[in-house]
Amino acid sequence: MKKVIISTDSPADISKELAAKYNVAVIPLHVILNGEDRLDGVNVTPEEIIENYKATKALPSTSAIPVGEYEEHFAALTKDGAAVVHIALSSGVSSSCRNAGIAAADFEGVYVVDSLHLTTGILMLVIKAVKMAESGMEAAEIAAEIEAMRNKVDTNFLLDNLEFLSKGGRCSAVTALGANILGIRPYLEMKDGSLSVCKKYRGKIDKVQLQYIAEKLDNLGEYDDEIAFMTHSPMDADQAAALTKAVKDSGKFKEVYEMDAGCTIVSHCGPNCVALITLKK
């Protein structure tokens, strides 16, 4: 039986510690900051993006991983005969998934799965895939199971404001201005691989964040209790800890990880963005 390696794109926002623990291979997206081509999580950080925006009011752009870089990535992973399941950033927000599929066609035993998610919504699928590989499942079976599971992942975000989305062209400046004047905190969900605004909160961001977490915990429905991710972009450390504690204290999950959102999320959502990522049964 072939060894199966689980691979993903950097917007899965897996920490170096978890990547090492689960032996996950990560390939970085490109981040163009002030005209310089950087690599997500390698030589650019979310904090640097925010500080640069404060100083220049300019946001970076993100660039899909080219086919050639995927070819090099898959070649390195398969050189000793291993199979690969690559769980990609949603095709609804990036062409990375398409490029990975093109590259995978040149390799036997490399399977690309469109996660249809962002950030630790992808990571939820990655961890599940790792567990399947550890149980002895073959790569083709894992890919099929992950494809069947992806619609059960609940990926959602609470934003502080629409400033970064507006600057990145994801919403109009008029909409962003109106939301900011009214103190609206947008709640976004991934649906069919793309983001949409589903709800609007109002009030001070710290209180709204706690309300968001409480409401998510109260409305889980039938859910997988193995793991949850409390993911956030740069924000007050004490507030982030309080949000994570609220999830842990609920007693609903065996494991709760506080995760840092990476450069892709921060480039579009800005600071003070939080996400409680769970999996439905």
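The values are calculated or read from the model by the stated rules, or taken from the named source; none is laboratory data. Only a predicted model underlies this, so the values are computations on that prediction, with no experimental measurement involved. Because the Cβ atoms are built from the backbone with ideal geometry, glycine has one as well, and the counts that use them run over all protein chains shown.
Just a few scattered comments:
- Test set (1) within 21 Å of the chain's Cα centre (by Cα); (2) of a type outside the set (Ser, Thr, Tyr); (3) closer than 21 Å to Ile265 by Cβ - Ala55 fails condition number: (1)
- Residue in the range 160-176 that is modelled with pLDDT of 75 or more and in a strand (DSSP E or B) present: no
- Residues in the range 248-258 that are surrounded by 14 or more Cβ atoms within 10 Å (Cβ to Cβ), over 17 Å from Ser15 (Cβ atoms) and touching a strand residue (DSSP E or B) at 6+ places or on another chain (Cβ under 8 Å): Lys248, Lys252, Phe253.
- Any hit, the range 224-240, residues being surrounded by fewer than 18 Cβ atoms within 10 Å (Cβ to Cβ) and on the phi > 0 side of the Ramachandran plot: no
- Inside the range 185-206, residues that are under 25 Å from Gln239 (Cα atoms), charged (D, E, K, R) and part of a strand (DSSP E or B) make up a count of 5.
- Residue in the range 135-144 that is touching a Lys or Arg at 6+ places or on another chain (Cβ under 9 Å), hydroxyl-bearing (Ser, Thr, Tyr) and modelled with pLDDT of 95 or more present: no
- Strands (runs of 3 or more DSSP E) lying entirely in the range 1-84 (those with 3 or more residues that are surrounded by 22 or more Cβ atoms within 10 Å (Cβ to Cβ) and out of contact with any Asp or Glu (no Cβ under 6 Å at 6 or more places or on another chain)): 4-9
- Applying the condition of being touching a strand residue (DSSP E or B) at 6+ places or on another chain (Cβ under 6 Å) and part of a helix (DSSP H, G or I) to the range 85-109 and asking which residue is surrounded by the most Cβ atoms within 10 Å (Cβ to Cβ) yields Ala100.
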